[in-house]
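Okay, so here's the structure we're looking at.
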Amino acid sequence: MAVELQDLGLAVKRLQHRHHRTLDTKLNQIGATIAQWDALRAIGRYPDSSSHRLAQVTFQTDQSFGTLANRMVVRGLIERVPGPGRAVRHRLTSEGEEMLKKGLAVADEVLAQSFAPLDSAERDTLHELLTRLNEAEAQSDVAE
């Protein structure tokens, strides 16, 4: 019997929601929110990126990322530097790098526990399938 598409979508959403709830709880213990950690992770992966690019990779609007970034500057986690034209570039401070490192450890712990029921081959298969779905979606976005 084939899985209903609604049930499949709901299962993906439930897993994501559980990850976010658990991550947010554990990240709060180190003084971060999931939004801050995600922004730190994005800036760590894409240093000197614009607010627009970072908003895209963190699934936020430009305005909400700008508000978040301003709060992170005040906390000393990131710095904003002028870029070409009116662009503003983002970089981690040493405090931001330390918070990112702590957050990555938290995420590794949460995800290891969450995916523990799957063996390595199953995790690889799941990753391959999700990557294929995401790439297909990205291609259809470009075609529109």
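Values quoted throughout were computed directly from the atomic coordinates according to the rules given, and no laboratory measurement underlies them. It should be emphasised that the depicted structure is a prediction, and the values quoted were computed from it without experimental measurement. Quick reminder, even Gly has a Cβ in these numbers, built from the backbone with ideal geometry, and neighbours come from all protein chains shown.
Under the condition of being touching a Ser or Thr at 6+ places or on another chain (Cβ under 9 Å) and assigned to a helix (DSSP H, G or I), which residue from the range 107-131 is surrounded by the fewest Cβ atoms within 10 Å (Cβ to Cβ)? It would help to see each step written out before you state the result.
Kept after step one, since they are touching a Ser or Thr at 6+ places or on another chain (Cβ under 9 Å), are these residues of the range 107-131: 110, 113-114, 118.
Subsequent filtering for residues that are assigned to a helix (DSSP H, G or I) retains 110, 113-114.
Working: 110: 20, 113: 10, 114: 14.
Here the answer is 113.
How many of the residues making up the range 74-125 are among the basic types (Lys, Arg) and over 15 Å from residue 41 (Cβ atoms)?
Going residue by residue through the range 74-125, those that are among the basic types (Lys, Arg) are 75, 80, 86, 89, 91, 101-102, 123.
From what's left, over 15 Å from residue 41 (Cβ atoms): 75, 80, 86, 89, 123.
The total comes to 5.
For the range 53-81, taking the residues that are over 15 Å from the mean Cα position of the chain (by Cα), part of a helix (DSSP H, G or I) and not polar (S, T, N, Q), the one that is nearest to residue 105 (Cα to Cα) is identified as 72. For the range 28-63, the set of residues classified as in contact with a Ser or Thr (Cβ under 9 Å, 6 or more places away or on another chain), more than 17 Å from residue 100 (Cα to Cα) and either surrounded by fewer than 15 Cβ atoms within 10 Å (Cβ to Cβ) or of a type in the set (Val, Ile, Thr) (or both) consists of 62 only.
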